[in-house]
1. For K13 and I123 in the same chain, what is the full-extension length gain: residue separation times 0.36 nm, less their Cα-Cα distance, in nm?
2. Which value, in debye to the nearest 20, gives the size of the charge dipole of the stretch 1-51 about its Cα centre, when Lys and Arg are +1 and Asp and Glu are -1 at the Cβ?
3. Not counting ligands, DNA or RNA, and with a 1.4 Å probe, what is D52's accessible surface area in Å² rounded to the nearest 10?
4. Taking K and R as +1 and D and E as -1, what net charge do the other residues with C-beta under 13 Å from the C-beta of L55 add up to?
5. Which GluC sites (Glu not before Pro) does the stretch 13-56 hold that lie in a coil by DSSP with at most 11 other beta carbons within 10 Å?
6. Measure off 7 Å from each Cα along the Cα-to-Cβ vector at R21 and V113, then give the distance between these two points in nanometres to one decimal.
7. For a label point 7 angstrom out from the Cα of R56 toward its Cβ, which stretches of the stretch 22-36 have the backbone nitrogen within less than 17 Å?
Amino acid sequence: MTKDLPARLAAVKGESESVDRLIKIVVDSNGRMISLDINPRAKRLDVKSLADEILRAAQSAYDRMQEAIREAMGDSAAVSEALHRVMSGELAKGIPEDIRGGPARVARSADPVDDLQAFLRRIQGLL
C-alpha cells in the first residue's frame, strides 16, 4: 500500500445536490455530513418534501464518497487481498513445514545467529 493512502482517503469527500438544486450536501470520508446548504427558495417546500430532498441528497453524497474511496484505493485493494491471503495461511500451503516454522524456531533458539544462517541456507536450497 502506498504511504500516502491514509491522507488520500482522509481527503475524500462526497457531494450531491437535489434535483432542483435547493439542497447541497457534502460528506467526509467517514460519511459524516460536513456541509448542508439549503437555498432560501426551499421554504416553498412542505416539511416532508424538504426532509425527503435532504435525505436523497445525503444518500447520493454518501454513495459518491464511497466511489471516491474505491478510486483512491486503486491497486491498494489488490494489495489488501494479497495480505489477507498471506495472513490467513492460504499462500503457505505449498511451503514446506520447516520453512514455515523457521522464523519461530530462530526466535526461540539458544543460538539464533547459527539457526538463522541454517534457515537462510535452507531457503536458498529451495530456490
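The values are calculated or read from the model by the stated rules, or taken from the named source; none is laboratory data. On a predicted model such as this, the values are computed, not experimentally measured, just so you know. All Cβ positions, glycine included, derive from the backbone under ideal geometry; neighbour counts span all protein chains shown. Side chains are part of the model used for accessible areas, which takes the heavy atoms of the whole protein and leaves out ligands, DNA and RNA. Shrake-Rupley method; radii C 1.70, N 1.55, O 1.52, S 1.80 Å.
1. 34.9 nm is the gain from fully extending K13 to I123.
2. In debye, rounded to 20, the stretch 1-51 gives about 100.
3. Solvent-accessible area, nearest 10 Å²: 50 Å².
4. Charge balance near L55 sits at -1.
5. Answer in residue order: no site qualifies.
6. It works out to 7.5 nm between the two label points.
7. 22-26
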